[in-house]
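The values are calculated or read from the model by the stated rules, or taken from the named source; none is laboratory data. Since the model is a prediction, treat every value here as computed from it, not as a measurement. When we count neighbours, we look across all protein chains shown, and the Cβ atoms used for this are built from the backbone with ideal geometry, even at glycine.
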């Protein structure tokens, strides 16, 4: 199973339907998935994947997920345009969704939908527009369902995929 492979192996080989998807160290496969299959197969909980629409307002770039805009670095749109992908999915692991009790630049106010306690950390499902986004927080950061918190995306942990092919666009933001 993938959890055991990620824990014990020096090199991980990911296959799907008999086709090689990616070979790399556990860190490489986790941090730089080659495609949507690898992104969703490796990691627990799975990576958040959402259709992404991008927009620019003045010097500010944002990605719209489930109808809600999240701020990204201004160079994002030019990097995506250079890849010529039409339909793009954004992937971000739960630890890349940053929560706060107070408003911060680029953050969106969201509602807590579900809390899954795991001891030292919680996995929190957030209601974002018409969808959900999963975040990883320290245990007890949110107190209950319906609580409002502020969510932002750590752009350095964002992954962009061509929805047609599933391939990673290979973009790294800092």
(request) Filter the range 33-78 down to residues that are assigned to a helix (DSSP H, G or I) and in contact (Cβ under 8 Å) with a residue 60 or more places away in the chain and give me whichever is surrounded by the most Cβ atoms within 10 Å (Cβ to Cβ). (result) 39
(message) Please determine whether any residue of the range 14-32 is more than 18 Å from residue 123 (Cβ to Cβ), in contact (Cβ under 8 Å) with a residue 60 or more places away in the chain and either under 12 Å from the mean Cα position of the chain (by Cα) or not in a strand (DSSP E or B) (or both).
(response) yes
(message) Checking residue 37 against (1) within 16 Å of the chain's Cα centre (by Cα); (2) farther than 15 Å from residue 2 by Cα: exactly one of these is not met. Which one?
(response) (2)
(message) Go through (1) in a strand (DSSP E or B); (2) in contact with a helix residue (DSSP H, G or I) (Cβ under 9 Å, 6 or more places away or on another chain); (3) modelled with pLDDT of 95 or more for residue 127 and report which single condition fails.
(response) (2)
(request) Go through the range 104-135 residue by residue and tally those that are touching a residue at least 40 places away in the same chain (Cβ under 8 Å), under 15 Å from the mean Cα position of the chain (by Cα) and surrounded by 19 or more Cβ atoms within 10 Å (Cβ to Cβ). (result) 4
(request) Within the range 81-88, identify whether any single residue is assigned to a strand (DSSP E or B), closer than 30 Å to residue 146 by Cβ and modelled with pLDDT of 90 or more, and answer yes or no. (result) no
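Considering only residues that are outside any strand (DSSP E or B) and within 25 Å of residue 60 (Cβ to Cβ), which ones fall in the range 107-124?
Answer for the range 107-124, where residues must be outside any strand (DSSP E or B) and within 25 Å of residue 60 (Cβ to Cβ): just 107.
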(request) Output the number of the condition that residue 138 fails; it satisfies all remaining conditions of (1) without any contact (Cβ under 8 Å) to a residue 60 or more places away in the chain; (2) crowded, with 17+ Cβ neighbours inside 10 Å. (result) (2)
(request) Please work out which one of (1) in contact with a helix residue (DSSP H, G or I) (Cβ under 8 Å, 6 or more places away or on another chain); (2) assigned to a strand (DSSP E or B) is the condition residue 171 fails and give its number. (result) (2)
(request) Among the numbered conditions (1) buried (at least 16 other Cβ atoms within 10 Å of the Cβ); (2) modelled with pLDDT of 95 or more; (3) in a loop (DSSP other than H, G, I, E, B), tell me where residue 99 comes up short. (result) (3)
(request) Report whether or not residue 145 is modelled with pLDDT under 95, over 15 Å from residue 49 (Cα atoms) and either assigned to a loop (DSSP other than H, G, I, E, B) or within 15 Å of the chain's Cα centre (by Cα) (or both). (result) no
